[in-house]
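A.B. asks: Take a look at the following structure, please.
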Amino acid sequence: MASLSSPLRVCRGILKELRAIQGPSYKKSLAYSYVMDQFRKNKVTGERYCRAQQEAHHASHTYLCLLASTRNHLALHNFYHGKGERSPEEVANLVGLRLPTQPGGKGWEK
């Protein structure tokens, strides 16, 4: 299994995603209080190997990935979602391409 980042980094990442979703009043939400409560409850103990703490860290890392992926999906969906019929030039520019031009003027291009 790939190594997970530190619990503090995951906690900060989750709080960053909550702030992006809910705005500046994210500290008053139930999600914020739940996340902070779970991180406080699963602090590192003096034990050498604590399965519950590792499971909680893995679950929090997975939740952070879900929040970030959902935010990215919504951004891509809003950018690429259909806005009605588009011209071929608009579609080509949307994906970073250019339509070919006919050199010499054959009479059919504008």
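The values are calculated or read from the model by the stated rules, or taken from the named source; none is laboratory data. Since the structure is predicted, the reported quantities are computational estimates derived from the model, not experimental observations. Cβ: placed from backbone, ideal geometry, glycine included. Neighbour counts: every protein chain shown. Each accessible area value is taken on the protein alone, full model and side chains, heavy atoms only, with ligands, DNA and RNA left out. Shrake-Rupley method; radii C 1.70, N 1.55, O 1.52, S 1.80 Å.
A.B. asks: In what order, largest first, do Leu64, Leu74 sit by accessible area if the probe radius is 1.4 Å?
C.D. replies: Leu74, Leu64
A.B. asks: Another question, then. Efficiency by 1/(1 + (r/R0)^6): what FRET value for Arg9 and Tyr80, r their Cβ-Cβ distance, R0 = 25 Å, to the nearest 0.05? Could the numbers behind the result be given before it?
C.D. replies: Numbers: r = 31 Å, r/R0 = 1.23.
My answer for the efficiency is 0.20.
A.B. asks: Taking the full set of protein chains and a 1.4 angstrom probe, give the accessible area of Thr62 in square angstrom, rounded to the nearest 10.
C.D. replies: Approximately 70 Å² of Thr62 is accessible to the 1.4 Å probe.
A.B. asks: Same structure, new question: Quick one: order Tyr26, Tyr32, Tyr80, Tyr63 from most to least accessible surface, probe 1.4 Å.
C.D. replies: The ordering from most to least exposed comes out as Tyr80, Tyr63, Tyr32, Tyr26.
A.B. asks: Using a Förster radius of 41 Å, what is the FRET efficiency between His58 and Glu90 based on their Cβ-Cβ separation? Nearest 0.05, please. Please report the intermediate quantities before stating the final value.
C.D. replies: Working: r = 44 Å, r/R0 = 1.07.
Step by step, r from the Cβ atoms, then E = 0.40.
A.B. asks: For the full complex of protein chains and a 1.4 angstrom probe, list Cys65, Cys11 by accessible area with the highest value first. All intermediate terms of the calculation are to be shown ahead of the outcome.
C.D. replies: On the way: Cys65 75, Cys11 15 Å².
Result, largest first: Cys65, Cys11.
A.B. asks: Which aspartates and glutamates, on any chain, are close to Lys43 with Cα under 16 Å apart, when same-chain ones fewer than 8 places away are left out?
C.D. replies: Partners found: Glu55.
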